[in-house]
């Protein structure tokens, strides 16, 4: 323990430093695990930037800058996509609408998606050729090698679309679960005398922790209601970003309320009752399907164990009797 190391250190000094670093990392990990993070903080920053963009677009439209951007990762992707003319009007609009449904509404998201959709098949094609033909990974037959390479390229070409579709499905499922609770809160806010945009902003704040996806969409809708020239356009944008039948029903009801001046609380109360009954019917439907769903696990896992417990002792006794004979 008294051996002197370089810089006049001993083994005991190194152990003390190591124990101190370990204790600090442990305390920091426990502190990070116990720290309560607000998931709406980053979303609020994004919505604030969206608010500034809307204000700049409708109050003082900015001219496009023609100077060269910095050569960062997104800038390089944008250069590649622009040189190949992938940012067409229709293609960009469709891709942006698809990514908006997944929760990615920035312009860089479209560039990144198109870049990976272009580059990923090429990169994996080169890797597939190297691994299959040169490194002979998998020891495939000569006829199987081109089929495997083509399959890898097709999977790489479909991977970005599959990733976005899975993200959209997860987001829509989370929003679908949150719609009845959001309607109940909107009924309370409208009965308290709040306007539509104020009610949406209040509901988005209340749902920020439990349902951040729907809170994000409602907050953006409240911002657009305050900045767009036509309030109908803000509600229409909400239905495009969230293509669910329940959200479309809510948007249609809100549009009719804005157009004909019907009481907002009464319309929302009817919708909330309908969605609550629909959720109850879905729960009853799942409960009715439960016996049929449990049939296969019951046959595979439970019945063999039950037979072993009931018939096993008798079989053991018969085997012991036969052995004595």
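How high is the FRET efficiency from residue 228 to residue 174, r the C-beta distance, R0 25 Å, rounded to 0.05?
For R0 = 25 Å, the calculated efficiency reads 0.45.
Using the beta-carbon distance between residue 259 and residue 106 and R0 = 41 Å, what value does 1/(1 + (r/R0)^6) give for FRET efficiency, to the nearest 0.05?
In this case the efficiency is close to 0.80.
Each label point is 7 Å from the Cα along the Cα-to-Cβ direction; what then is the distance between the points at residue 266 and residue 320, in nm?
With each label placed 7 Å out from Cα toward Cβ, I get 8.2 nm.
What does the extension gain come out to for residue 240 and residue 83, with contour length at 0.36 nm per residue minus their alpha carbon separation?
53.5 nm
Under the rule a/c < 1.5 gives rounded, and otherwise a/b versus b/c splits prolate from oblate, where does the stretch 176-280 land using the Cα gyration tensor?
rounded
May I ask you to compute the full-extension gain from residue 290 to residue 252, defined as 0.36 nm times their residue separation minus their alpha-carbon distance, rounded to one decimal in nm?
10.2 nm
What list do you get for 211, 307 if you sort them by fewest beta carbons within 10 Å? The partial results should precede the final answer.
Working: 211 21, 307 10.
Ranking 211, 307 by Cβ neighbours within 10 Å, fewest first, gives 307, 211.
Please rank 81, 203, fewest neighbouring Cβ atoms within 10 Å first, as an exposure proxy.
Starting with the residue having the fewest Cβ neighbours, the order is 81, 203.
Test of understanding: ordering 239, 323, 273 by Cβ neighbours within 10 Å, fewest first, what list do you get? Don't jump to the answer; show the numbers that get you there.
On the way: 239 18, 323 7, 273 14.
Starting with the residue having the fewest Cβ neighbours, the order is 323, 273, 239.
Give me the percent relative contact order of the stretch 196-325, please, defined on Cα pairs under 8 angstrom at least 6 residues apart.
12 percent
Starting from the 7 Å offset along Cα-to-Cβ, what nm value, one decimal, do you get for the label separation of residue 116 and residue 281?
Label-label distance for residue 116 and residue 281, simple model: 3.9 nm.
Throughout, read-outs are computed from the coordinates displayed, never taken from laboratory work. Since we're looking at a predicted model, the values are computed, not measured. As a convention, Cβ positions derive from the backbone with ideal geometry for all residues, glycine included, and neighbour counts pool all protein chains shown.
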